[in-house]
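The values are calculated or read from the model by the stated rules, or taken from the named source; none is laboratory data. What you see is a predicted model, and the numbers here were worked out from it, not measured in a lab. Backbone-built Cβ (ideal geometry, glycine too); neighbour counts: all protein chains shown.
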Amino acid sequence: MKVRLGEYYTGWAQNDALKEAGKEAVKERAMEILEENRAQLASAQELLWASNIYSVLIILQGMDTAGKDGTIKHVMSGVNPQGCKVHSFRVPTDEELDHTFLWRYWRALPNRGEIGIFNRSYYEDVLVVKVHPERLVNLPPGKRGKKFWNARYEDINAFERHLIRNGTVILKFYLHISEDEQKKRLLDRLEDAEKLWKFSLSDLEERKFWGTYQEAYEDALTMTSTEEAPWYIIPADHKWVARTLIADIITTRIQSLDLAYPTVSGEAIAQLKDARRQLEEE
Ligand code: ADP
């Protein structure tokens with residue numbers, strides 16, 4: 001079924017029960033859940049690392065100012081940095097453009113036992129590049145119509161299928177903000193001396209393509225949401241909502257892997273006892 005972003009909430013009051021509880025109460029509970037999840041995520045990640053079977057790839061996409069950086073900072077704050085890598089992807093370099101579009105992401109994938117976070121990802125190659133097709137360079141000639149983009153979605157699905165079959169858990173989040181909220185956040189950046197550095201004129205330029213971006217997102221979400229790697233459309237007009245939901249989904253998913261710490265065999269236990277005896281007799 002085709003995703004229509006207009007049908008998805010960006011705010012906090014998604015249903016009657018939430019509305020009835022009121023914003024302050026919902027926020028308070030959300031902050032508690034976030035805190036609980038942070039602690040649980042830290043131990044889930046230890047187990048992921050110790051059991052060394054799966055890796056987790058978290059993909060964050062969203063319009064400019066949607067809150068990707070803040071989400072990473074707040075959700076992952078309790079996790080051991082040794083087992084967690086963040087990659088932010090910018091405009092591709094010449095070297096990257098001399099390879100197929102998946103190359104640079106392939107090289108940045110998390111190792112077994114690790115959590116990898118992609119702040120923007122190969123989805124940019126069917127989003128910003130679809131909105132600005134002149135950025136498609138060094139490719140064999142041909143039309144850049146529906147068939148071309150469908151082939152890219154197909155490549156992405158095949159790439160993800162390969163990763164999943166080999167032990168990568170993929171969690172894909174689209175941070176859904178409204179056009180009004182983006183305006184507010186851009187203005188905030190201009191008004192606050194400490195946020196000014198975050199303001200980029202190109203964000204204003206890209207805002208003019210809001211509708212085209214939303215269409216590109218709708219197509220990408222529709223074509224690449226699969227059973228094993230569905231997209232989560234996260235209401236993101238309130239940062240606390242987005243962070244709580246994302247932390248909860250990541251924690252629950254890792255816990256569902258039902259991992260256990262490696263067990264030690266009888267022979268190894270005997271060796272450990274022997275090591276202890278030797279140290280004591282020193
Ligand atoms: P961010 O906005 O994520 O904080 P930047 O201001 O450096 O970071 O923006 C990164 C820019 O790189 C974005 O405008 C994004 O559209 C662009 N970009 C990322 N990936 C690609 C890609 N594959 N092709 C073209 N542009 C890309």
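For every residue, the table says whether it meets (1) within 13 Å of the ligand (Cβ to nearest atom); (2) hydrophobic (A, V, I, L, M, F, W, C); (3) in a loop (DSSP other than H, G, I, E, B).
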{"site": "Glu28", "(1), (2), (3)": "no, no, no"}
{"site": "Glu35", "(1), (2), (3)": "no, no, no"}
{"site": "Glu46", "(1), (2), (3)": "no, no, no"}
{"site": "Gly70", "(1), (2), (3)": "yes, no, no"}
{"site": "Val79", "(1), (2), (3)": "no, yes, yes"}
{"site": "Pro92", "(1), (2), (3)": "yes, no, yes"}
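Would you check which residues across the range 46-90 are free of Cβ contacts under 8 Å to residues at least 12 places away in the same chain and hydrophobic (A, V, I, L, M, F, W, C) and list them?
none
As an exercise: evaluate Phe118 against (1) in a loop (DSSP other than H, G, I, E, B); (2) under 19 Å from Leu175 (Cβ atoms) and give the number of the one condition it does not meet.
The single condition Phe118 does not satisfy is (1).
For the range 116-139, enumerate the residues that are basic (Lys, Arg) and either within 9 Å of the ligand (Cβ to nearest atom) or surrounded by fewer than 19 Cβ atoms within 10 Å (Cβ to Cβ) (or both).
At the first step, the residues of the range 116-139 found to be basic (Lys, Arg) are 120, 130, 135.
If the condition is that a residue be basic (Lys, Arg) and either within 9 Å of the ligand (Cβ to nearest atom) or surrounded by fewer than 19 Cβ atoms within 10 Å (Cβ to Cβ) (or both), then Arg120, Arg135 are the ones that fit.
Criterion first (over 15 Å from Leu245 (Cβ atoms), loosely packed, with under 14 Cβ neighbours inside 10 Å and not basic (Lys, Arg)) does Asp64 satisfy it?
Working: over 15 Å from Leu245 (Cβ atoms): yes; loosely packed, with under 14 Cβ neighbours inside 10 Å: no; not basic (Lys, Arg): yes.
Taking the combined requirement at face value, the residue does not satisfy it.
Out of Gly167, Gly142, Gly113, I need the residue that is on the phi > 0 side of the Ramachandran plot and crowded, with 18+ Cβ neighbours inside 10 Å. Which one?
Values: Gly167 fails: crowded, with 18+ Cβ neighbours inside 10 Å; Gly142 fails: crowded, with 18+ Cβ neighbours inside 10 Å.
Residue meeting the stated conditions: Gly113.
Each row is one residue, and each column tells you yes or no for (1) at pLDDT 95 or above; (2) within 30 Å of Ser51 (Cβ to Cβ).
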| site | (1), (2) |
| --- | --- |
| Ile72 | yes, yes |
| Trp103 | yes, yes |
| Trp106 | yes, yes |
| Gly116 | yes, yes |
| Pro140 | no, no |
| Trp149 | yes, no |
| Tyr153 | yes, no |
